[in-house]
Amino acid sequence: MGRKKRPEGTRAPNGASSIYFGKDGKWHGRVTMGVRDNGKPDRRHVERKTEAEVIRAVRELEKQRDSGKVRKAGNAWTVEKWLTHWLDNIIGPSVRPKTAQRYRTDIVEYLIPGLGAHRLDKLQPEHIEKLYAKLRARKPPLASSSIYHVHATIRTSLNEAVKRRHIVENPALIAKPPQLVEPEIEPLTVDEAKRILASAAARRNGVRFALALAMGLRQGEAIGLKWDDIAIVWHHGCAEGKPCNTSRPMDCPAGYATGTITVRRALQRHTWRHGCDNPTECGERFHRTACPAKCKRHRDRKNCIRDEKGHPRPCAENCAEHARHCPDRVGGGLVEVPTKSRAGRRTVAIPGRLAEWLFQHREEQAEDRRLAANLWQDGGWVFAQPTGKPIDPRADYQEWRDLLGAADVRAARLHDARHTTATMLLVLRTPVRAVMELMGWTAASMASRYMHVPDEIKEGIAGQMGNLLWSPPSDQRERGEITG
């Protein structure tokens, strides 16, 4: 049965869809989807071999229009074009440089090589899932946490593409992400923490790790401290009515110190960026090229970017990396950045023993300044090199590893010291609101990630449960059948 014809002399209403058979032997459909940026109608065109097919295509466009899920007019972007635009113009300027660099790694090393050639509006969940499978099958395989971060990057970027109507739905929300296997975190015990502090007392800048264990400061926050951020006050400790013979509280035999620390910044090492006009030409002599077919040189190297066969992945034709070799490089090195969040900017009280240790550390640093003479570069850093320069995060982490070895303590991440602080606060039954203030947390839910129930609490709970369930019934005690 053919389509009903419109009465002669009448026309379709404005905005109505039209279907017709063209001179090219194909069926065509045109659907008004809205208005373009220039104010003209957004009239979409589809063509199919049969009338039934073009009717279905027209109805699908009308369904998208009526639901409000309409892709922006114009040629569809590729995944590579969108990810590059999102990184350089949308997310990059709005996040911390370290975060932007992690996004860049995910996009340049994994997403563009794996998905970049797809049209953005044709990307399917299966395409994304196949990429995850390839990353797991690499030799060596990419860690599950890294693949999960790749998933988070593509999901976040495509959410923005949906908001801007480049696509109607986000396929990354449908794709099954890889199972995230988080490392099991074991906080340091009180005995281990004491051994670390005892060993740190004999090391230069050792009080820095006391701040990590007692105050839970992040690495960047600790090495980013300046003396203006620390206030130490000494008090007389002599008995009332029997004052000592000194007017300076710090000289009192029983004197003690109190203090506060204000966390205002963090110190990070940032990746360099090209400052020249032609990054590709600038880094040309450092570009990686493809290895020979039987290359065995790179199979066991741990720090190169490798393909499925273990060879370094060649640079792209227009590679703009290797900025650290650029004569006009910018933005890298040690950089002061704001705290991780608004809650991270905080003022907290410090234990008296720690305040005294910091006071002693300041006097030791004054001696370093005297010995360095005109080589001293005064930046006001609490923890500095012998010439006054700030501590590099890599050197700081290596010092932590050496400290654990000297204290005969098992290998642990430096960030585990922050978990240790939160766990000790749990043992001390500190209110969660106070813990949030000390740790610089924005949400109380962070407690579940950082507070771990130690064995002594578990054993105490088990003992209380045993006393509750296996104690004699109260009526037997009242009858005198059980005494004691």
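Of the residues making up region 363-392, those that are under 28 Å from Arg195 (Cα atoms) and over 33 Å from the mean Cα position of the chain (by Cα) are Glu363, Glu364, Gln365, Ala366, Glu367, Asp368.
For region 393-449, name all the residues that are over 18 Å from the mean Cα position of the chain (by Cα) and outside any helix (DSSP H, G or I). Across region 393-449, the qualifying residues are Ala407, Asp408, Val409, Arg410, Ala411, Ala412, Leu428, Arg429, Thr430, Pro431.
Taking the listed residues Glu129, Glu160, the one that is surrounded by 15 or more Cβ atoms within 10 Å (Cβ to Cβ), under 24 Å from the mean Cα position of the chain (by Cα), in the same structural domain as Leu83 (by TED's automatic domain parsing) and under 19 Å from Ala76 (Cα atoms) is Glu160, with no other qualifying.
Against the test of being within 19 Å of Gln268 (Cβ to Cβ), surrounded by 12 or more Cβ atoms within 10 Å (Cβ to Cβ) and modelled with pLDDT under 90, the options Ala290, Ala316, Ala323 yield a single qualifying residue, Ala323. Would you mention how many residues in region 110-128 are in a helix (DSSP H, G or I) and either among the basic types (Lys, Arg) or touching a Gly at 6+ places or on another chain (Cβ under 8 Å) (or both)? Number of matching residues: 1.
Scanning region 363-374 finds no residues that are in contact with a Leu (Cβ under 7 Å, 6 or more places away or on another chain) and either on the phi < 0 side of the Ramachandran plot or surrounded by fewer than 19 Cβ atoms within 10 Å (Cβ to Cβ) (or both). Could you list all residues from region 245-257 that are in contact with a helix residue (DSSP H, G or I) (Cβ under 8 Å, 6 or more places away or on another chain) and buried (at least 16 other Cβ atoms within 10 Å of the Cβ)? Residues satisfying the conditions are Gly255, Tyr256, Ala257.
One line per residue, one yes/no per condition, for (1) part of a loop (DSSP other than H, G, I, E, B); (2) at pLDDT below 90:
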site: Val108; (1), (2): no, yes
site: Lys130; (1), (2): no, no
site: Leu135; (1), (2): no, no
site: Ile147; (1), (2): no, no
site: Ile154; (1), (2): no, no
site: Ala161; (1), (2): no, no
site: Glu182; (1), (2): yes, yes
site: Ala193; (1), (2): no, no
site: Leu197; (1), (2): no, no
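Of the residues making up region 24-42, those that are under 21 Å from His166 (Cβ atoms) and at pLDDT 80 or above are Val31, Thr32. Regarding Lys139, is this residue over 30 Å from Lys122 (Cβ atoms), of a type outside the set (S, T, N, Q) and assigned by TED's automatic domain parsing to the domain that holds Ile90? Answer is yes for this residue.
The values are calculated or read from the model by the stated rules, or taken from the named source; none is laboratory data. Since this is a predicted model, take the numbers as computed values, not measurements. When we count neighbours, we look across all protein chains shown, and the Cβ atoms used for this are built from the backbone with ideal geometry, even at glycine.
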